[in-house]
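Read the structure below first, then the notes.
No lab work stands behind these numbers, since they all come straight from the coordinates. Owing to the predicted nature of the structure, the values given are computational and were not obtained by experimental measurement. Note that each Cβ is placed from the backbone with ideal geometry, even for glycine, and that neighbours are counted across all protein chains shown.
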């Protein structure tokens, strides 16, 4: 489920898995690489320094909006980590070296900031984990819709490995 509000993309998912497994899927690059990216995409590069102030650098490989296979890089910094409860990080498009680049580098339209903020909240009840993702500064319209589809497709892959 996605809700659009003040250029925020909000997605709530419930996983039939304990919170420890869901948390590990976000904090262990070996697990993260198995589900990161929508259906049809792979994640050949995952570098994570999972601590406050630590950085990440990811590569997602798949077909772009033009149908051409390519690598899509992202990077960010962990701003807040509350084990089993919350992750807050910046998120930016990047190049292979980890330098922040504008969305136009990947042929995406106007309106994307150089830096987003991603907030993940986790709760558990009866061995099921509810995860709420907020992707802040996501432009409304087509790109928000496509981002919602991409996140949800990734979370379908996560659900399958949990």
> Between segment 118-134 and segment 27-79, what's the alpha-carbon centroid distance in Å?
Replying inline: 20 Å
> Stretch residue 159-residue 123 to full length: gain in nm at 0.36 nm per residue minus the Cα-Cα span?
Replying inline: 11.4 nm
> Expressed as an acute angle from 0 to 90° and rounded to the nearest 10, what is the orientation of the C-alpha long axis of helix 142-161 relative to the principal long axis of the chain?
Replying inline: 40 degrees
> For segment 1-89, what size does the Cα cloud have along each of its three principal axes, sorted from largest down, in whole Å?
Replying inline: 39, 30, 28
> Rounded to the nearest 0.05, what FRET efficiency is calculated for residue 152 and residue 84 with R0 set to 22 Å and r the Cβ-Cβ distance?
Replying inline: 0.45
> Given the options 99, 16, 126, which has the most mean-square fluctuation in a GNM of the chain, springs set between C-alpha atoms less than 10 angstrom apart?
Replying inline: 126
>> Based on alpha-carbon atoms only, what is the radius of gyration of segment 5-55 relative to the globular estimate 2.2 N^0.38 Å?
In response: 1.35
> Three principal axis extents, largest first, for the C-alpha atoms of segment 43-111, in Å?
Replying inline: 39, 27, 22
>> Rg and Dmax in Å for the chain, alpha carbons only: what are they?
In response: 14.9, 44
